[in-house]
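Just below is one structure, and these are the notes that go with it.
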Amino acid sequence: MGPTVMKFGGTSVQDAEAFARVAEIVKGEGANSPVVVTSAMSKVTDALLGAFDLAKRGAVEDAVLSLEPHLERHREVALKLLDEAGRRLFRVELEFAEKELGDLLMRVSRRSLPLSMLKDAIVSYGEQLSSRLLALVCTNAGLNARHVDSRRLIVTDEEYGAAAPIFAETEKLVRLELSDTIAGGEVPVMGGFIAASRSGETTTLGRGGSDYSAAIVGASLGAREIQIWTDVTGVLTCDPRICPTARTLKTLSYEEAAELAYFGAKVLHPKTIQPAVDQKIPVRVCNSHQPAERGTMILPQTETTPRKVKSIAYKKGITILRISSARMLGAFGFMSAIFQIFERHRVVIDVVTTSEVSVSLTLDNTDALDAVVKDLERIGTVEVVPDNAVVCVVGFGLRGASGVASEVFDAISEYNISLISHGASSVNLTFVVKQDVVTDVVKRLHDEFFG
Ligand code: ADP
Ligand code: ASP
Ligand code: MG
């Protein structure tokens, strides 16, 4: 049986109380060889990014000052939970981090290295510090814990800010570094989100990427289970911040979970499921504030529910592009010409619908929009419609079920809906609405199916 990989999110390590709770949860898993992956303390990543922006504008002193309260939060945890030896060890870490961050912020203002590289180096201190602190807290709580620097295990390309892991190399390193540790009864504690390129530069996996780190480590070790510990009890029927009556789902399939995550259910990073799928590792999403509750099990397969719909996700900030061309009528090669443009600019498309003479598609990243539109205009006329949202209704068996689509659209008949996509995946029905009505639409649907 492989180990249990346990990932704790930012709110699960937000203060001393939360750190202490995590150590108890890890102890509870003691017999199953836990491997711990932690996020930065809540709000720390945002603060580091804020400091980077200040330094970019030349305000290095303000940037350094803005981080002080967050470093203080780490200090407080150490003071409350560590013995004198532990505090001394962590004080050295904090002093080092403070100095390094000051240097890096200065480099940002002087542009002395590429900014994207400096940004990752700076933002990595959230997980560098939280993981070192958590390892010490676990040791103090009686666990045989050992801090492991994730940058020695997870190898990525050099796409700073959203680096892609190189799986074969990562798997080898994870096994090499962790197998003996685990076999020797030690509990490895590592930071999520952070990694390194082949040349050793610090990289990060994208916001919310600690889930992904846990899945990568879990797959590399053939884990018995990957646990995602967060601030809600599992994957719910909807984001509880929108629908307070949302309920926990007992099980979900990999496919359902992947669609929900991709279309905005923040509880899981969109890439989390993939590494688990190949080896059929169960992923459990559970609540570090209510550790006795089981949460949601994400498994290769799951049962269907009577009304088919299991959960509703949504993603704001979506731009629609409509490309029309009379030349498209009966022509081949048109689609391929369009998609090649997106490929060339490395732009990801979410939803696509077509008619005889036009193609509509959605983007959630508009960094390269102007360049894409310029190229598309060589093919046809292009309309750009910003401020939309994608709604994704998920449930096993949705494609084959009769009547579910009409139930969905009847419930929200007063809203203008575009780009409906149904049947491309067997588990989802996706459509686009204007961003300013999306929460009303989601609430209405939640009332209809779970009210
Ligand atoms: P962590 O810091 O633990 O990674 P996140 O903030 O990334 O936590 O994810 C947890 C949050 O995801 C919840 O607080 C909740 O508001 C949000 N969320 C969105 N959709 C869902 C859903 N379907 N089920 C559960 N939580 C959801
Ligand atoms: N700390 C990172 C973030 O806030 C990664 C994570 O928490 O998963 O995005
Ligand atoms: Mg998260």
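Taking the charge dipole of segment 1-106 about its Cα centre, with +1 at Lys and Arg Cβ atoms and -1 at Asp and Glu Cβ atoms, the residue from Leu101, Gly28, Gly50 reaching farthest to the positive side is Gly28. Computed per residue of the chain from DSSP H runs no shorter than four, each worth -39500 (n - 2.57), the mean residue ellipticity at 222 nm is -13000 deg cm²/dmol.
The alpha-carbon of Lys443 sits under 26 angstrom from the alpha-carbons of these lysines, leaving out residues fewer than 8 places away in its chain: Lys250, Lys266, Lys308, Lys310, Lys315, Lys316, Lys434. How large is ³J(HN,Hα) for each residue in segment 44-57, as worked out from phi by the Karplus curve 6.51 cos²θ - 1.76 cosθ + 1.60 (θ = phi - 60°), to whole Hz, x for Gly and Pro? Karplus-based 3J(HN,Hα) across segment 44-57 equals 6, 4, 4, 5, 5, 5, x, 5, 4, 4, 4, 5, 4, 8 Hz. A full extension of the chain between Ile166 and Ile242 corresponds to an added length of 23.7 nm, given 0.36 nm per residue minus the alpha carbon distance. Centre-to-centre separation between the Cα atoms of segment 129-182 and those of segment 353-378: 40 Å. Put in order of Cβ neighbour count within 10 Å, fewest first, the listed residues Met41, Met117 become Met117, Met41.
Can you tell me the relative contact order of segment 374-451? Whole percent, Cα pairs under 8 Å, sequence separation 6 or more. It would help to have the intermediate numbers written out before the result.
On the way: 87 pairs, mean separation 29.1, N = 78.
The value is 37 percent.
Taking a ≥ b ≥ c as the square roots of the eigenvalues of the Cα gyration tensor, segment 106-192 is oblate, since a/c reaches 1.5 or more and a/b is not larger than b/c.
Work through the residues other than Thr156 whose Cβ is under 11 Å from its Cβ and net out their charges, Lys, Arg +1 and Asp, Glu -1.
Numbers: positive: Arg151, Arg198; negative: Asp120, Asp157, Glu158, Glu159, Glu169, Glu201.
Result for the local shell: -4.
A straight chain from Arg344 to Lys43 at 0.36 nm per residue would run longer than the Cα-Cα distance by 104.8 nm.
In summary, the lysines within cross-link reach of Lys119, defined as a Cα separation below 19 angstrom excluding same-chain residues under 8 places away, comprise Lys43, Lys56, Lys99. For the chain, the Cβ-based charge dipole about the Cα centre amounts to some 340 debye (Lys, Arg positive; Asp, Glu negative; other atoms uncharged). Only Lys, Arg, Asp and Glu carry charge here, each on its Cβ (+1 for the first two, -1 for the last two); on that basis segment 205-273 has a dipole of about 120 debye about its Cα centre.
As a calculated quantity, the FRET efficiency between Glu84 and Gln274 at R0 = 45 Å, using C-beta atoms, amounts to about 0.50.
Taking the Cα atoms of the chain, the ratio Rg/Rh between the radius of gyration and the Kirkwood radius comes to 0.99. Where both bridge residues fall in the chain, DSSP classifies roughly 60% of the beta bridges as antiparallel. The charge dipole of segment 1-140, taken about the Cα centre with unit charges on the Cβ atoms of Lys, Arg (+1) and Asp, Glu (-1), comes to about 280 debye, rounded to the nearest 20.
Normalised by the residues of segment 36-130, what does the relative contact order come to in percent, with Cα pairs under 8 Å and at least six apart? Could the numbers behind the result be given before it?
Working: 82 pairs, mean separation 43.8, N = 95.
The normalised contact order for segment 36-130 reaches 46 percent.
Counting only C-alpha contacts under 8 Å and six or more residues apart, can you give the relative contact order of the chain as a whole percent?
Values: 934 pairs, mean separation 61.4, N = 451.
Answer for the chain is 14 percent.
Shape verdict for segment 12-168, please, from the Cα gyration tensor: rounded (a/c under 1.5), prolate (a/b greater than b/c) or oblate. Could you put the intermediate results ahead of the total?
Numbers: a/c = 2.41, a/b = 1.45, b/c = 1.66.
Here segment 12-168 falls in the oblate category.
Stretching Met106 away from Asn32 to a fully extended chain increases their span by 22.1 nm, per 0.36 nm per residue minus the current alpha-carbon distance. Identify, among Ser253, Gln279, Leu429, the residue whose Cα sits farthest towards the positive end of the charge dipole of the chain, taking +1 on the Cβ of Lys and Arg and -1 on the Cβ of Asp and Glu, with the dipole about the Cα centre. About the Cα centre, the residue reaching furthest to the positive side is Gln279.
Which FRET efficiency, nearest 0.05, do His289 and Val384 yield, Cβ-Cβ r, R0 41 Å? Please report the intermediate quantities before stating the final value.
On the way: r = 43 Å, r/R0 = 1.05.
The pair His289/Val384 has a calculated efficiency of 0.45.
Throughout, read-outs are computed from the coordinates displayed, never taken from laboratory work. Just so we're clear, the structure is a prediction, and the values are computed from it rather than from any experiment. Cβ atoms come from the backbone with ideal geometry, glycine included; neighbour counts cover every protein chain shown.
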